[in-house]
1. Residue-wise, which Karplus ³J(HN,Hα) couplings in Hz belong to region 6-22, taking 6.51 cos²θ - 1.76 cosθ + 1.60, θ = phi - 60°, and x for glycine or proline?
2. Over the chain, consider all pairs of different Cα atoms and compute the Kirkwood hydrodynamic radius from their mean reciprocal separation; express it in Å, one decimal.
3. So what J values fall out for region 54-60 if you push phi through Karplus, 6.51 cos²θ - 1.76 cosθ + 1.60 with θ = phi - 60°, rounded to Hz, Gly and Pro as x?
4. Would you tally the net charge around Val8, using a Cβ to Cβ cut-off of less than 15 Å, leaving Val8 out, and scoring K and R as +1, D and E as -1?
5. Taking 0.36 nm per intervening residue step and subtracting the Cα-Cα distance, what contour gain separates Ala64 from Ser36 on full extension?
Amino acid sequence: MSAVSRPVHIAIDTGRCIGAGQCALTAPDVFTQGDSGLSEVLPGREDGHGNPLVREAAQACPVAAIAVRRR
């Protein structure tokens, strides 16, 4: 099993997030922008849903508000 397909834990620092939406553009099946305009992980997708672009989405965040850790 490759590192990208292993379950991860995704956390968004909403105090840091500015709602740029790069995560939702990069991995729309994992991230969205909520009613507040801030990024959110879609319900049930907190483990990354096997999406290999989750780490790329975190790196695309201009304020580094997304943490992705292996479980």
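1. 6, x, 10, 10, 10, 10, 10, 7, 5, x, 9, 4, 10, x, 5, x, 4
2. 11.7 Å
3. 4, 5, 5, 4, 5, 5, 6
4. +2
5. Numbers: separation 28, 0.36 × 28 = 10.08 nm, distance 1.85 nm.
Contour length minus the Cα-Cα distance gives 8.2 nm.
Readers should treat all values here as calculations from the given coordinates under stated rules, not as data from a laboratory. Nothing here was measured: the structure is a model prediction, and the numbers come from that model. We place every Cβ from the backbone using ideal geometry, glycine too, and count neighbours over all the protein chains shown.
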